[in-house]
Structures are given as structure tokens and as C-alpha cells.
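What follows is a short report on a single structure.
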Amino acid sequence: MQFNRILKKIIRTGVGKSRYWMAIIGLGVAMLLILVALQVHTDFNELLHGSRNQNERADYLVVNKLITNDMMGKPEKTVFTPEEQKDFAAQPFVEAFGAITAAQFNVQMQADQLGFQTLAFFEAVPDTFLDVKSDEWKWREGDQMLPIVVPRDFVNMFNFGFALGNGIPQFSETSIKSLTPEVIISNGMQQGQFRGKIAGFSDRISTVLVPQSFMDWANARYGKGVAKLPSRVVIRVKDPSSIELKNYLEQHNYSTDSEKTKYNKIRGIVQTIVSVVGFFGGVLLMFALLVFSMFIQLVISSCRKEIRLLVTLGTAPKRLQRYLLGQLVPVYFVTGVIALIVVSAAQWWASGVLAKHGMFVAPYPGIMTIIATLGILALVYIVNLVTVRKEIQAHT
């Protein structure tokens, strides 16, 4: 068809050709940036919340009030009041809330097998917050055997600090669990003696724990007989890196293990990078759409005489529209597919690298990435359709 040859010649001429490739390159880069931003956001959420990346320890936080100079010597300012506990437990980022009960008596532990005796400090937490599952974790009044859970960090400090420094043999966890240290609790003239039994090692709470039933009984008998408000609480959170949790802790002057909440800084950085990449992708997309529109206007304006002649000879304007779109649609469709393939290849490579470090993401693009690809292509098609229709009507 003569009309087809005319348009092809115009498309491939100097200005038209440069604008045409500028639009294609701009669209490709814009799609690539937007898809990368969306995929990085998807991967980061999967790393934080995916079932394969769940870090059980990070979901549980022990929180206390940050001690300042003004609070020194004023223990009443370091406890959580009932109102503070209720408010904390009601926060949307808290899945479970529990108070840590502190001992109101003195504790002395003596392990002849380890060759040392030391003062100790007992605390108790609700069993639902304990990461040690043992049939031995129970105590009733009258029992002489007292189950104890110690932090695994204490075992490492003993083996690689105290034992090496004092010429004492190092012990495995199995050996330590076989020990029965003597436990003496007292308050003034009152004194009780028990045989300790290491029931397990906790990765979650860094304190020496005893059953809540024993703590309640011992505080009532050897303590002051008055229940004290907790100075520490334990919470299970949906996301330890959430900005809401971080802001709440800062606003109320609460403190927790910063190692467990360090990801909120990383999350902020990643979100900023993703936002910047997505913003520049959006700018480039608008630039590509503008150049496409200018290119179409140039093509139709350059051959307006030929178009009018063809219309006069009986060529329908809709047929001209279909031809122009037929020249453009396959090109930006291929551009979108190439951008998606590049992102898919990068995702497959990244999933393999992360898997080697114990972090898991899907080896294929997320659903939002695919939807964004289709959405961008649909947007480009609509813009081209409107521009072609408008320019054909203006020149016929």
C-alpha cells in the first residue's frame, strides 16, 4: 500500500527516527526502574515477614524504662504502672504482652561440680513467652527440685570466659543439664533450700528464669508480702522493625535490645532508596509518554498532505489509526517484555545469592511487578491511542 510506504519513510527519517528511539529507550529505562523498585519492595517485605525468614528470637522483646540521672535512687519511676501496661498491651503492633516478675528475696547458687558459688537473681515470665519446652518445667509447693532456665549466652560466657580464665573445664549443654546446683533463697532470718535442675537454655530472654508458680509462692513467703509492679515486660510483636514500635519506645522513653530492632534503620534506608528509584522511574515514564506523543504528532504532521489525499481517495481515518498503532504497539510491548525478563533474571540471581546466606525470596517476580508491567503497557497504549485519534482527526 502506497500509504504504508509513505509512513515508513517518514518514520525512518532524521528527526522522526531520533525521537522514536528516544521514546523507546526512555520507556524501557522507566519500566525497568519502576519494576525494580516494586520488586525490591516485595523482596524486602518477604525477608521481614515471610514464613521462611521468621526469626523467632526477634519477635519477642524485653522492654524496660531507660534509666536517667533523674531516676537514680527512685525505683518507683522505673516500674510500669497498670495504666502504662494497659496502654502498651493495646498497641496494634503488640500481639501478646506479659509482665516479668522479679524476685523479692536473695538467691545464692552453689555448683560443686563447676567449682563455684555465686549470688543470682531469679525472674519469671508467663509460660507462653518461654522458648524452652520441657516436661520438667513445673513446680508445686513442697517440691524440692526447682527447674531453672538460663540464657544460652550465660553458658557461652562461662565456657569461654570464666572457665578458661580460672582453669575450670568447659561444659557442654548436655553436661550442664545433668547438674543439680544447690539453690538457697533467703530474706532476713528466713531461708529455704532447693535442688536446682537446668531445664533448658533460652535464646529469647536473657535472665535466669524459674516457674511462675514458684516465684509467686517464694515472693509471698520470703518477700515483703506485697506484689510489686514489674520493672520489665516482654512483648511479642508482629514486626520488630516497624516504625510504629520504634516511635512508641522513643516517645515513652522505653528501652529494648537494639540488636532486635536494628532493621528499622535498614528498612528506612531501603524504603528511601525504593522511593527514589520509583520516583525517577515515574519521571522517565512521563518523559517517554511525552516523547511518544511528540513523535506521533511529528509523523502525522509531516505527512498531513498525504493523509488528506488518502482520505479523499476513500481511506477511512480509523484505518490510518490502526496502521499507526500497529507500528507502535509491538515495539513498546517488546520493550515491556524485555524489561520484565531483565527483572526476572535479576530476581532469580538475587534469590540464589540470598539463599546462601539463609535468607529466602521467591526466584520469580512478584504479582505486583507483573501487574505493574501490564499497567504501564496499558497506559502507554491509551496515551498513544488518544494521541493518534486526536492528530488524525485534526489533519483530516
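Values quoted throughout were computed directly from the atomic coordinates according to the rules given, and no laboratory measurement underlies them. None of the values given here were measured: they were computed from a predicted structure. As a convention, Cβ positions derive from the backbone with ideal geometry for all residues, glycine included, and neighbour counts pool all protein chains shown.
For a paramagnetic label modelled on A89 (point 7 Å from Cα along Cα→Cβ), amide N atoms under 19 Å away belong, within the stretch 204-224, to 212-213, 216. To the nearest 0.05, how large is the calculated FRET efficiency for Q271 and Q170 if R₀ is 35 Å and r is the Cβ-Cβ distance? Efficiency for this residue pair is about 0.20.
Taking a straight line from the alpha carbon of K86, these aspartates and glutamates sit under 16 Å away, with near neighbours fewer than eight places off in the same chain left out: E95. Annotation for the stretch 342-396: trypsin sites (Lys or Arg not before Pro) lying in DSSP loop with at most 10 further Cβ atoms inside 10 Å of their Cβ are K356.
Structure note, pairs K74/K238; K65/K177; K197/K224; K224/K246; K238/K356: Cα-Cα distances above 29 angstrom occur for K74/K238; K65/K177; K224/K246. With the simple spin-label model, which puts each label point 7 Å out from Cα in the Cβ direction, the K74 to L354 separation comes to 4.7 nm. Find, among the chymotrypsin sites (Phe, Trp or Tyr not before Pro) in the stretch 71-133, those assigned to loop by DSSP (not H, G, I, E, B) with at most 14 other beta-carbon atoms within 10 angstrom. Of the chymotrypsin sites (Phe, Trp or Tyr not before Pro), the ones in loops of the stretch 71-133 whose Cβ has at most 14 other Cβ atoms within 10 Å are F121. Could you check the simple spin-label distance between Q193 and K238, using points 7 Å along Cα→Cβ, in nm with one decimal? Simple spin-label model gives 5.3 nm for this pair. Loop-only check: which GluC sites (Glu not before Pro) in the stretch 104-169 are DSSP coil with at most 12 other Cβ within 10 angstrom? Of the GluC sites (Glu not before Pro), the ones in loops of the stretch 104-169 whose Cβ has at most 12 other Cβ atoms within 10 Å are E141.
If you take every residue apart from I382 with its C-beta less than 14 Å away from the C-beta of I382, what net charge results, scoring Lys and Arg +1 and Asp and Glu -1? Before the final figure, lay out each step's value.
Numbers: positive: R389, K390; negative: none.
Computed value for this residue: +2.
For the pair F333 and Q212, label points projected 7 Å from Cα toward Cβ lie 6.4 nm apart.
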